[in-house]
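All of the numbers you see were taken from the coordinates with simple rules; none came from a lab. Computed from a prediction, not measured in an experiment: that's the story for all the values here. Cβ atoms come from the backbone with ideal geometry, glycine included; neighbour counts cover every protein chain shown.
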Amino acid sequence: MENQYCYIEFDFTNEGNFKDLKATFEVIKDSKNNSIERDDKFWIEAFPKYSLEKFTFLDSDLKPNFDTAEETELSWHFYSLIELLSINYEIEYINLKETSHNKGIFLYDAYSYPYGGINGLIVFLESFSCNPKIYDDGAGVYNYSHEELNKTKKSKWNFSSLKSLFKTAMLLLFISLIASCNNKEKDLQFEKEVFYEVYPALIDSVWVNAVLNYVPPAPPGIDPSEYKLNRRNESNKRFNKELAEFKQKKFPVDLVFFDEVVIREHYKELQEHYKDAVISKNNVADTLEYKLDRKKLDAYTPFHLKYVSRIPRGNNRKFYNECCYSVRGIVILSRIQFDDEKKYGVLTAGIECGAMCGYEYLIYIKKVNDKWVIDKIDDAWIA
């Protein structure tokens with residue numbers, strides 16, 4: 001099971017250093033995985049002296065009462081590393097353990113790519129005098145080269161260079177945003193209005209389809225496509241009736257919702273479904289993910305939503321899958337992609353229920369008499 005995670009294998013010669021590393025890892029894991037912010041004094045006390053001595057500190061920083069490293073092209077600023085490890089990395093820490101005599105492994109799960117790179121994790125291990133040997137960063141398995149990390153530090157991770165790079169990047173970003181801000185804001189506002197307009201019909205349809213997400217194979221002699229369609233139709237009639245009864249009795253259906261609208265690219269499917277849709281080459285998907293307006297969703301009372309800000313893992317995922325929700329897993333909605341004339345659109349609704357467990361629907365919408373309606377829901381994929 002460990003092979004599903006990214007990892008760093010390392011050697012160590014001092015058992016005491018490994019115990020210190022393990023203890024500090026658990027603190028960072030607790031902070032990161034549970035979104036706990038801790039002050040500078042806490043982190044100074046969490047690291048042993050021999051580790052702190054390898055980092056640099058600014059004059060304005062809270063510093064230990066002993067000499068630390070001088071700033072060079074290869075040195076790391078302590079609090080920059082802490083911010084990376086405990087806040088900015090797009091990863092979940094899994095475990096750090098001894099695998100055999102004087103050998104250990106650091107396991108983590110990346111939420112997405114790129115998640116921040118492996119360099120900070122390597123520096124963390126080396127500060128405890130551990131020697132990385134092999135790593136899998138999600139892109140492949142590699143032998144570790146200390147020289148390669150140094151080259152990367154020189155070009156990317158020196159604190160002074162980072163500050164300069166950050167200022168330049170922010171300036172360029174600001175100029176770019178000013179140039180395109182008005183149109184993007186107008187398009188996003190339009191999209192949100194459409195999203196919340198179709199939401200009641202959308203979530204009704206998703207629930208009716210998702211309650212029965214598996215159709216068994218057709219019996220011998222029966223056309224599989226026709227059999228699946230008939231079973232789906234029977235199921236939809238049943239659960240549409242059940243949902244209507246819930247609404248009449250004011251009995252809300254519980255669902256778990258990811259609180260952010262994600263990016264999906266489905267212009268090809270949009271064009272195939274709506275043959276007359278005009279989609280130009282420069283009509284590309286926006287890369288912005290935005291938070292759902294909970295008040296607007298909660299105003300539709302037939303459903304009671306439990307919001308999560310990240311996909312649960314381990315026991316938390318099991319709880320959401322098996323506790324008390326009629327649909328097993330987390331509902332994840334995507335942004336809407338429109339044709340050039342804003343007559344048609346497509347979005348997805350995915351159900352994430354664990355490793356190799358999930359399915360997604362393509363939801364086609366169109367404008368009819370100045371109102372947006374659900375046109376069709378297709379199965380996109382199932383795992």
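What to note about this one:
- Part-to-part distance (alpha-carbon centres) for segment 71-111 and segment 252-279, which is given in Å: 36
- Length added when fully stretched, V368-K275, from 0.36 nm per residue minus Cα-Cα: 31.8 nm
- Here the residues L347, L288, L52, L74, ranked from fewest to most Cβ neighbours within 10 Å of their Cβ, fall in the order L288, L74, L52, L347.
- Inter-label distance, F246 to K41: 5.0 nm, where each label sits 7 Å from its Cα along the C-beta direction.
- Once the chain from N65 to V262 is taken as fully extended at 0.36 nm per residue, the excess over their C-alpha distance is 66.3 nm.
- Counted by neighbouring Cβ atoms within 10 Å, the residues E191, E265 run from fewest to most as E265, E191.
- For the cross-link pairs K275/K306; K247/K295; K19/K63; K19/K41, the ones whose C-alpha atoms lie over 29 Å apart are K275/K306.
- Full extension of the chain segment joining S309 with D109 gains 70.4 nm, where the gain is 0.36 nm per residue of separation less the Cα-Cα distance.
- In this simple spin-label approximation, E197 and L171 carry label points 7 Å from Cα along the Cα→Cβ vector, and these lie 4.3 nm apart.
- Ranking of V368, V346 by neighbouring Cβ atoms within 10 Å, starting from the fewest: V368, V346.
- Nearest-0.05 FRET efficiency for K49 and T72, computed from C-beta distance (R0 30 Å): 0.90
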